[in-house]
Amino acid sequence: MESTPVVRLRGLVKRHGPRVAVDGVSFDVPAGALFGLIGADGAGKSSLMKAVAGVLAHDAGEVAVFGHRIDSEAAAEAVKARLGFMPQGLGLNLYPELSVEENVDFFARMRLVPEAELAPRKARLLAITRLAGFRERPMKQLSGGMKQKLGLVCTLIHAPALIVLDEPTTGVDPVSRRDFWMILAQLIEEGRLTALVSTAYLDEASRFDRLVLMHAGRVLAEGPPESLRGGAGDLEAAFVALLAGAGATPEPAAPDAVAAPGPAGPPGDAIDARELTRDFGRFRAADRVSFSVRHGEIFGLLGANGAGKTTVIKMLTGILPPSGGAGVVAGVDMRRAGRLVKARIGYVSQVFSLYGDLSVDENLQLYAGIYGLGRREATRRVAALLDAGGLAARQHDRAGELPMGLRQRLALACATVHEPQVLFLDEPTSGVDPLGRRQFWALLRRLAREKGTAILLTTHYMLEAEYCDRLALMHAGRIVADASPAAMKQALVRDAGALLEVAAEPLLPALQALREAGFPGAVLHGRRIHVLAHDADAARARIEAACADAGLRLHDVAPRALTMEDVFVHRVLALERSA
């Protein structure tokens, strides 16, 4: 690597009014590195990355990119030809009405890419992102994962030496996230790219060569992922410990998955979906979906972007009428009694329905009034929710000024102020740090186990899938599996074998060698490769032989416990191959 870092920060400070977003941050990003910024919403990651990209002026300190100090608009313009920036949000740098190819061509013209270079470069980028077959599809019709991959293509079309990607995988399903990281690893291994990437997913942290943990605008720790784990065992535990050391509220441990539902509720299932179908024109978003959820049960609905999860929730909550099928929610037929259904359920959508200009207390009082609670009962319930959600100290703060984790807990409190029988949560912890996520799950477990609330949630964070009592996996609008997390893992072991984790270098040639050696389902998992095999000893011998034949360095082949991410990726890829 070159001695001069691609990015150099010294004492960087950025203020937004009275709030300090970035507070004296210093670090270097070496050339050819996959460098990570880890932290929750509000940690200062976006402000820092915008300063590096030259789209946001800073208040103090030094930012240098490619050795050029970025201290004016002219200085920022001088390096932009060698830099690509992808802002936070699904497809926010794209044009919804343009097709995949039209978006790429637009960015190519804007970046003055020569025509002779455009065609081969575009073909290669569309091929490695698996978007070549969707050239004519309008961007607005792409799934979240496809939007992010198209955003990456448009960011890379002018062949930058540095890309700055702000939470590119938030809200993206595990298979699309795997594709995204594979593309980055391939481009970096070819030696033409340095990447500065932020994420709120701690399970992605092991993919970086080096990372910085941020909290409240400051650097808590910096180094290779292995060095930051310390005695904590994994990066999430290490991050939680660092946050606690930085003065964050002490946090309960991650919840254990348990099979026992909560206390008995009314007779029958809390949710009974029967052959639910929803068509949008000629497109079938949900195809004869059937499942049930008991009172006191936490039920996870998993699936890739565009699988139909949100459509199912909107039908069950009465927001969308079904094209076919039926559903009973909290004892009410959802097709005939929409208002009665809404009185018995709570719903937290992907975009929290809070009023930013109102205080925490005012939001809760407003929702109590909407649900028809009397003043005395509303006061009692609001006080209890403020205490349970750790919001009492912030009850007079405006909702729009809260950190994301607190906004999420406020949204949950608003959705449950009327003590609903059934709670629907659509990706409620997307972009939230481990501390906030654990606090949120502590509240969910209390609702389910103590109140008997039935909870149906969607998530792309596979660690959360482990916390559910039961899961349903959706693919192309259909339910393709319905079981407990443990049962899904056991089924995968029976079908494909136990998990082996392979540490070998170089990483991508090792992956290719293993696939050619009879492990077609081998996938990257951070800086390791995961393979499934019925006979571990025979598989280890084949792996050793494949690496030796290819001249690769094999460091370790070790058995590992299956995770829900392993299950999800294997099942979805198998379904895609058979389609």
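The values are calculated or read from the model by the stated rules, or taken from the named source; none is laboratory data. Computed from a prediction, not measured in an experiment: that's the story for all the values here. Please note: Cβ atoms are built from the backbone with ideal geometry, for glycine as well, and neighbour counts cover all protein chains shown.
Tabulated results
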quantity: Flag if residue 121 is among the charged types (D, E, K, R), in contact with a strand residue (DSSP E or B) (Cβ under 9 Å, 6 or more places away or on another chain), assigned to a helix (DSSP H, G or I) and in contact (Cβ under 8 Å) with a residue 24 or more places away in the chain; calculated: no
quantity: Which listed residue, of 410, 402, 423, is more than 20 Å from residue 456 (Cβ to Cβ) and modelled with pLDDT of 90 or more; calculated: 410
quantity: Residue ID - farthest from residue 77 (Cα to Cα), chosen from residues in the stretch 119-130 that are at pLDDT 90 or above and crowded, with 17+ Cβ neighbours inside 10 Å; calculated: 126
quantity: Single residue of the stretch 1-13 satisfying the filter (assigned to a strand (DSSP E or B) and farther than 19 Å from residue 197 by Cβ) that is nearest to the chain's Cα centre (by Cα); calculated: 13
quantity: Considering residues of the stretch 131-169 that are surrounded by 22 or more Cβ atoms within 10 Å (Cβ to Cβ), charged (D, E, K, R) and not in a loop (DSSP other than H, G, I, E, B) only, the residue modelled with the highest pLDDT; calculated: 166
quantity: Evaluation of residue 538 against (1) of a type in the set (Gly, Ala, Ser); (2) closer than 22 Å to residue 177 by Cβ; (3) surrounded by fewer than 13 Cβ atoms within 10 Å (Cβ to Cβ) (one fails), failing number; calculated: (2)
quantity: Selection from the stretch 24-45 of residues that are of a type outside the set (A, V, I, L, M, F, W, C), crowded, with 18+ Cβ neighbours inside 10 Å and not in a loop (DSSP other than H, G, I, E, B); calculated: 36, 45
quantity: Yes/no for residue 92 being outside any loop (DSSP other than H, G, I, E, B) and not assigned by TED's automatic domain parsing to the domain that holds residue 432; calculated: no
quantity: Given (1) free of Cβ contacts under 8 Å to residues at least 40 places away in the same chain; (2) assigned by TED's automatic domain parsing to the domain that holds residue 411, index of the condition residue 295 fails; calculated: (1)
quantity: Residue 356 vs. criteria over 18 Å from residue 280 (Cβ atoms) and not in a helix (DSSP H, G or I); calculated: yes
quantity: Checking residue 405 against (1) buried (at least 20 other Cβ atoms within 10 Å of the Cβ); (2) in contact with a strand residue (DSSP E or B) (Cβ under 9 Å, 6 or more places away or on another chain), the condition it does not meet; calculated: (2)
quantity: Filter pass, residue 172 being out of contact with any strand residue (DSSP E or B) (no Cβ under 7 Å at 6 or more places or on another chain), assigned to a loop (DSSP other than H, G, I, E, B) and in contact (Cβ under 8 Å) with a residue 60 or more places away in the chain; calculated: yes
quantity: Qualifying position, being touching a residue at least 12 places away in the same chain (Cβ under 8 Å) and over 30 Å from residue 178 (Cα atoms), among 395, 408, 439; calculated: 395
quantity: Test set (1) touching a residue at least 12 places away in the same chain (Cβ under 8 Å); (2) part of a helix (DSSP H, G or I); (3) of a type in the set (A, V, I, L, M) - residue 554 fails condition number; calculated: (2)
quantity: Qualifying positions in the stretch 281-317 - of a type in the set (Lys, Arg) and farther than 19 Å from residue 488 by Cβ; calculated: 282, 284, 288, 314
quantity: Identity of the residue in the stretch 73-88, outside any helix (DSSP H, G or I) and at pLDDT 90 or above, that ends up surrounded by the fewest Cβ atoms within 10 Å (Cβ to Cβ); calculated: 85
quantity: Count of residues meeting criterion [surrounded by 20 or more Cβ atoms within 10 Å (Cβ to Cβ), assigned to a helix (DSSP H, G or I) and among the small types (Gly, Ala, Ser)] in the stretch 177-210; calculated: 1
quantity: Total residues in the stretch 347-364, condition in contact (Cβ under 8 Å) with a residue 12 or more places away in the chain and closer than 16 Å to residue 412 by Cβ; calculated: 12
quantity: Enumeration of residues in the stretch 1-20 that are in contact with a Gly (Cβ under 7 Å, 6 or more places away or on another chain), surrounded by fewer than 23 Cβ atoms within 10 Å (Cβ to Cβ) and over 19 Å from residue 83 (Cα atoms); calculated: 10, 11, 13, 20
quantity: Close pairs from the stretch 32-47: first among the hydroxyl-bearing types (Ser, Thr, Tyr), partner assigned to a loop (DSSP other than H, G, I, E, B), Cβ under 6 Å, at least 6 apart; calculated: 46/88
quantity: Given (1) farther than 19 Å from residue 296 by Cα; (2) hydrophobic (A, V, I, L, M, F, W, C); (3) out of contact with any helix residue (DSSP H, G or I) (no Cβ under 6 Å at 6 or more places or on another chain), index of the condition residue 320 fails; calculated: (3)
